[in-house]
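S.K.: Before we start, here is the structure in question, set down as structure tokens.
The values are calculated or read from the model by the stated rules, or taken from the named source; none is laboratory data. Computed from a prediction, not measured in an experiment: that's the story for all the values here. Cβ sites come from the backbone with ideal geometry, for glycine too, and all protein chains shown count toward neighbours.
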Amino acid sequence: MQTIWKSIAVGTLSLCLVACATSRSGDVYTREDTRKVQTVRMGVIESVRAVKIEGTQSGIGTAAGAAVGGIAGSSVGDGKEAAIGAIIGAVVGGIAGAAAEEFGTRSDGVELTIKLDNGSLVTIVQEATEKFSPGEKVRLIESGGVTRVSH
């Protein structure tokens with residue numbers, strides 16, 4: 001029975017982490033981004049640099065990890081030992097869950113420095129889902145404080 005609960009808890013944690021992952025890609029739009037007017041500016045890529053985009057730290061990984069750890073820790077001994085095991089398990093599980101959430105949602109990114117047609121320079125970081133090279137003509141698509149770069 002304990003194994004079933006542990007499996008359910010681990011599965012729930014995994015689903016939470018996947019559900020919380022959001023994309024920072026230039027080719028992914030949220031539902032709220034649809035049917036909105038967007039401003040387009042043109043430019044030329046000056047430089048491209050690979051970067052890492054840190055994962056989310058929403059607290060869901062911490063909470064799920066603490067729940068799993070608490071359940072697992074409570075199975076150690078009886079009475080006071082089980083209570084102490086649950087507390088230690090919850091703390092360790094929370095730390096592990098937070099790390100798992102951040103690692104599981106981390107992504108490769110690209111930092112693009114672009115010279116706009118008006119002569120100004122801008123830098124934008126987004127997920128590395130498209131390949132860009134210096135000298136390429138690109139579009140900067142802007143809406144609601146979010147800017148995307150595409151070919």
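S.K.: All but one of (1) modelled with pLDDT of 95 or more; (2) farther than 26 Å from T30 by Cβ hold for V122; which doesn't?
M.R.: That leaves (2) as the condition not met.
S.K.: All but one of (1) surrounded by fewer than 17 Cβ atoms within 10 Å (Cβ to Cβ); (2) within 17 Å of the chain's Cα centre (by Cα); (3) among the β-branched types (V, I, T) hold for V76, so report the exception by its number.
M.R.: (2)
S.K.: Just give me the residues in the range 90-123 being crowded, with 16+ Cβ neighbours inside 10 Å and free of Cβ contacts under 8 Å to residues at least 60 places away in the same chain, in sequence order.
M.R.: Within the range 90-123, A90, V92, G93, G94, A96, A98, E102 qualify.
S.K.: Right, next: Read through the list (1) out of contact with any Leu (no Cβ under 8 Å at 6 or more places or on another chain); (2) among the charged types (D, E, K, R); (3) more than 23 Å from E46 (Cβ to Cβ), then give the number of the only condition that E127 fails.
M.R.: Unmet condition: (3).
S.K.: Pick from I45, I95: which is modelled with pLDDT of 75 or more and part of a strand (DSSP E or B)?
M.R.: I45
S.K.: From (1) modelled with pLDDT under 80; (2) farther than 30 Å from I124 by Cα; (3) surrounded by fewer than 14 Cβ atoms within 10 Å (Cβ to Cβ), pick out the condition that doesn't hold for L13.
M.R.: Looking at each condition in turn, L13 falls short on (3).
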